[in-house]
1. Among the residues of region A:292-343, how many are modelled with pLDDT under 85 and small (Gly, Ala, Ser)?
2. Condition first: away from chain B (no Cβ under 14 Å), in contact with an Asp or Glu (Cβ under 9 Å, 6 or more places away or on another chain) and of a type in the set (A, V, I, L, M). Can you find one or more residues in region A:193-212 that meet it?
3. Before we move on, is A:ASP101 of a type in the set (D, E, K, R), within 21 Å of A:ASN58 (Cα to Cα) and assigned to a loop (DSSP other than H, G, I, E, B)?
Amino acid sequence: MGCNMSKNEYKEKDIVISSRVRLARNIRNLPFPIYLQSDSAKDIVEVVEKSINDKNNNLTPFNKIKVEDITANNKKMLVEKHLTSPEWGRNDHAAVFIREDERVSIMVNEEDHIRIQCILDGFQLNYAYDIANEIDDLLEEEIRYAFDEKYGYLTACPSNVGTGMRASVMLHLPSLTLSNQMNNLMQTLARFGITIRGIYGEGTQAMGDLYQISNQTTLGIKEQDIISNIHSVAKEIIKRERDLRYEVLNNNKTYLEDKIFRALGTLTNARTISVEESMKLISLVRLGTDLELIDQDIKKINDLMITIQPGILLSLYDTADLQSFDVDKLRANFIRKSLIKNT
Amino acid sequence: MLCQNCNERAASIHITKIMSGEKREIHLCDQCSALHEMFNSSFNFQGFIANLLDLEENTHAVDYSHSMEYHCPQCGMDYDTFKKHGKFGCEKCYETFSLLINPMIQRMHGKEQHIGKIVKYGGENIRLKRELTSLHGNLSLAIEKEEYEKAALLRDQIKILKEQIKDNIKS
Ligand SMILES: [Zn+2]
Ligand SMILES: [Zn+2]
């Protein structure tokens, strides 16, 4: 049963890039981070560290990163990897514990005292929740959470109260975007308490046709129901996107092939390229890969979409003087190297 | 004017938004406005909470005229500061401002009672109370079906559970 499930979830990898679950928690009898004294803030970092480093817990090791210790570019990189948030980087007493495989992160002193997050490849919301939930239980051995009978886990912002949980999946929806169906979809979903928004972009213009679907409400609903709601909505969207892909392929193959091969041509020849243009073109190459029109590795393309973000890209180059780097030139080189097969 | 999101209900919230230097008016109904923030990342959340609270102040029977007098005894937060930032200062704020914020939270989530995970430590009575609620449900059902033996059994269980909850509160 469990094995079947993960196989099914894996099958959606043509459209589902990743699954994410985040739990917001606060410690009893301490003000929330914006009003917290620096001594107490440091104590929280220590107690979280103690819980996850306990020799008896068999957890994969975590690395600690403190906001005060890292460069502006590395802050940017962590946000682009979805391991922290922009708000995290603005609190001097914030820290983050990142599991070595970068699948789990625990933000301390962001908007809430503790935010546990698990992000996995493909369609694996249940598994992501299990991992986050396990860490939640582990932290509770050292920490007493702020909790209320009526409002559940108490959070700095009332929009997170109750379960404190946000579950989301990242979907690649090039066909729905090309056929202008996204706005309609967004309005329909809002009525079901589900949000869909573009990734890395402002407003409705999604970069690389990537969208995040997540729950809007956190109170008066069970964790399992949040997950199954997102699950069924995502399944429906996946089906629509897939149907549309084959519809275009059957009715208008030359048009589609032309778009995809032009994109590949630009990516494998460009000498300088912006994030926006790369994301737009990589999205087409990803679509072409899924439809087996071109021979590329889908996992590699997923990684490419993340790696070409400015913060991550610059973090790959070990230099103190980032000013002198031409990011668009670096990006073009990096993309050519990834997509052109040697030998 | 109809709500721009659902095109079904009348718009009751009018938000002015500046996007890339351009002024835009958004007209939403109560329900859709509650859903709007998380819908759109560029939306201003603080303004959103303030809008919801304005709405409550104008439409509900709650008396907001003394809202200035409310101060959280633990963190010092006052109602106007909360309204401005949309964020609480500590867990006690939920209690301090409960009268003023309960309708807003209900509007935001469409629900008002947590039914998810319960803390491991200090959550014992909440767990028992949930059990009590479900036993009461079963009892009504048994009575409805005229299963009186079962009902008697359930009543005993309820009595024990109530005692247990009382004992927990005392200790
Ligand atoms: Zn509406
Ligand atoms: Zn307070």
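1. 2
2. Among the residues of region A:193-212, not one is away from chain B (no Cβ under 14 Å), in contact with an Asp or Glu (Cβ under 9 Å, 6 or more places away or on another chain) and of a type in the set (A, V, I, L, M), which makes the answer no.
3. It is true that A:ASP101 is of a type in the set (D, E, K, R), within 21 Å of A:ASN58 (Cα to Cα) and assigned to a loop (DSSP other than H, G, I, E, B).
The values are calculated or read from the model by the stated rules, or taken from the named source; none is laboratory data. Source: prediction; values computed, not measured. No Cβ is skipped: glycine too gets one built from the backbone with ideal geometry, and neighbour counts run over all protein chains shown.
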